[in-house]
Amino acid sequence: MASIDEGGGGGGHKKGPGVKKAKKLSTRVDMTPMVDLGFLLITFFIFTTTMSSPTTMQLYMPKDTKDEDLNKAKESGALTIMLGKNNVVYVYRGQLLPDGSNFHTTTFKGIRDTIIQMKKDVINAHVHDAGCTKIQEEARVGNPNVKPPIQPDPNWKNACLDKDLVIVIKPDDEATYKNTIDILDEMAISAIKRYAMVDLFPAEKLLIQTTEGGSK
């Protein structure tokens, strides 16, 4: 509250007879109510404001795959993607030939075209067998017991066309974490159902080192 104190005393100068001396007025502001109001406002904002939550990224990791499961994959439907340094991607189809003639270098911009073309080739070469019936039935009714849950697919008749496609991801020791996340994103973008992340074979690591050494 503001209060006005009247103070007497001298200090005035008379300009003539009969002129009264002016009174001095001093103003003093009491800040106690303002401090109370400030604390009330702070308390109000604390209880009504939603704290910002950290931003996270949804990441789906591949299922645990046994070595025998990888061996069962048809050679014609296998695509191996290796991540090197400086955002370089190495890729080959089927098994790595002894002379490395099917070993190619690409980038993260070109790897999506490689994956899409591989998927098209596998679908075109598809032969219906008994395993397709189980895949189609699961796609038709869905499966909520797995992570992420499988929702019913209206296009369930085509669910087994790419069943022979499997992509093996092999990050090098010098590959960055961002590269690994990017290639996993490509699996989701291209709707790849079977993929696994494993270590490089010695022959593959040697081929990458030779390629990187020759590109310097």
Next item on the list: Could you let me know the centre-to-centre spacing of region 89-107 and region 186-203, using Cα atoms, in angstrom?
Entry: 15 Å
Next item on the list: From zero up to wherever the largest Cα-Cα distance of region 87-141 sits, split into 10 Å bins and tell me the percent of pairs in each.
Entry: 19, 33, 28, 19, 2
Next item on the list: Quick one: what are the phi-derived ³J(HN,Hα) couplings along region 178-188, Karplus 6.51/-1.76/1.60 with θ = phi - 60°, whole Hz, x for glycine and proline?
Entry: 4, 4, 5, 5, 5, 6, 5, 5, 5, 5, 6
Note to self: Testing the spin-label approximation: label points 7 Å from Cα along Cα→Cβ at Ala191 and Ile135. State their distance in nm.
What the structure shows: 1.3 nm
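Grab the eigenvalues of the alpha-carbon gyration tensor for region 97-216, scale each by 5, take roots, and send me the semi-axes largest first in whole angstrom.
32, 17, 13
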Item checked: Solvent-accessible surface (1.4 angstrom probe) belonging to Leu83, in square angstrom, nearest 10 -> 0 Å²
Item checked: Segment Ile46-Asp121, length gained on full extension (0.36 nm per residue, minus Cα span) -> 21.1 nm
Notebook entry, point to check: Of Val168, Val198, which has the most accessible area with a 1.4 Å probe, and how do the rest follow in descending order?
Noted result: Val198, Val168
Notebook entry, point to check: Under a 5 Å amide H to amide H cut-off, with H placed in plane at 1.01 Å, what residues pair with Ile150 once short-range neighbours are removed?
Noted result: Asn143, Asn145
Item checked: Pairs beyond 30 Å (Cα-Cα), from Lys85/Lys147; Lys119/Lys205; Lys178/Lys205; Lys85/Lys157 -> Lys85/Lys147; Lys85/Lys157
Next item on the list: May I ask which residue of Gln117, Pro144, His104 lies farthest towards the positive end of the charge dipole of region 104-189, with charges of +1 (Lys, Arg) and -1 (Asp, Glu) on Cβ and the Cα centre as origin?
Entry: Pro144
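The values are calculated or read from the model by the stated rules, or taken from the named source; none is laboratory data. From a predicted model like this one, the values you see are computed outputs, not experimental measurements. Glycine also receives a Cβ, built like all others from the backbone with ideal geometry; neighbour counts cover every protein chain displayed. Each accessible area value is taken on the protein alone, full model and side chains, heavy atoms only, with ligands, DNA and RNA left out. Shrake-Rupley method; radii C 1.70, N 1.55, O 1.52, S 1.80 Å.
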